[in-house]
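Quick notes on the structure that follows.
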Amino acid sequence: MNLQSKYVVVSLALLFFACESKGQQALEACGEIKTLTIDAEYAQMAGLPEINFELEYPAEMEFTPAVEGQKNYNYATFVSHDEAGNRKEMISIGYYTMEGTDEATMDALNEDLLSQFRQMYVANFELSNEFLGKKEFDGKEYPMFQTIGKIDRPEAEFVGSYHVQAMLIRPNPESKVGVVFIFQSNETSAITSFEDIGNKGCSSIIWNSLKFND
């Protein structure tokens, strides 16, 4: 079987250049909380596959939406910076398309896509603590790639050691469009381990508010 024929991936460009708890204290530390809704109208404007979700994001993180009339790879990105001006926490939400529900085929397709993500990180980071496969996160199992990557690229605002977690999320088992949800955080953030992802830092607000409306 030609896996690529059933798997269209156009979100890879988002990968490289593309706060405390979940309680009230974290909300106050991360500033005003805003709401983002992605719907059919937004997707059409951006030239992206239709998908419907909403989330909340903190004003402390800079929000970059898709832009009409340009080639877009993400529905949205969110970035905060440390005192040195380097990227501290970053979330990007891209997309992938898939056809079929056969578990073995889906697993092979997911692994193929995640391997492509890994190659982009290999090209730009010194990697360690790698994982690629299915793993439980926040009570559910997702296809994901995890790594710790070291980098020294101040011109790109990437300096230090980054925890990276890329997950493939389908709104439901029959969905043909899913999101590529990527966390990146350096050692100046509140995230010091993979267990902290989604639980600490301002980026946790985005993850914990993500809701699909399909």
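The values are calculated or read from the model by the stated rules, or taken from the named source; none is laboratory data. All values derive from a computational prediction rather than experimental measurement. Here Cβ is always computed from backbone atoms with ideal geometry, including for glycine, and neighbour counts include all displayed protein chains.
Tabulated values for the structure
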{"read-out": "Matching residues in segment 171-181 - criterion: being out of contact with any Pro (no Cβ under 9 Å at 6 or more places or on another chain) and either closer than 18 Å to GLU136 by Cβ or assigned to a strand (DSSP E or B) (or both)", "value": "PRO173, VAL180, PHE181"}
{"read-out": "Residue match in segment 38-56 (condition: at pLDDT 95 or above, farther than 17 Å from TYR73 by Cα and among the charged types (D, E, K, R))", "value": "yes"}
{"read-out": "Output for segment 130-161, where each listed residue is in a strand (DSSP E or B) and at positive phi", "value": "GLY133, GLY160"}
{"read-out": "Complete set of residues in segment 182-214 that are out of contact with any strand residue (DSSP E or B) (no Cβ under 6 Å at 6 or more places or on another chain), assigned to a loop (DSSP other than H, G, I, E, B) and either under 14 Å from VAL79 (Cβ atoms) or among the hydrophobic types (A, V, I, L, M, F, W, C) (or both)", "value": "ALA190"}
{"read-out": "Yes/no for LEU168 being part of a strand (DSSP E or B) and either more than 14 Å from MET98 (Cβ to Cβ) or over 17 Å from the mean Cα position of the chain (by Cα) (or both)", "value": "no"}
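The rows are residues; the columns are (1) surrounded by fewer than 22 Cβ atoms within 10 Å (Cβ to Cβ); (2) more than 21 Å from GLU54 (Cβ to Cβ).
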{"residue": "MET144", "(1), (2)": "no, yes"}
{"residue": "ARG153", "(1), (2)": "yes, yes"}
{"residue": "VAL159", "(1), (2)": "yes, yes"}
{"residue": "ALA166", "(1), (2)": "no, yes"}
{"residue": "ASN213", "(1), (2)": "yes, no"}
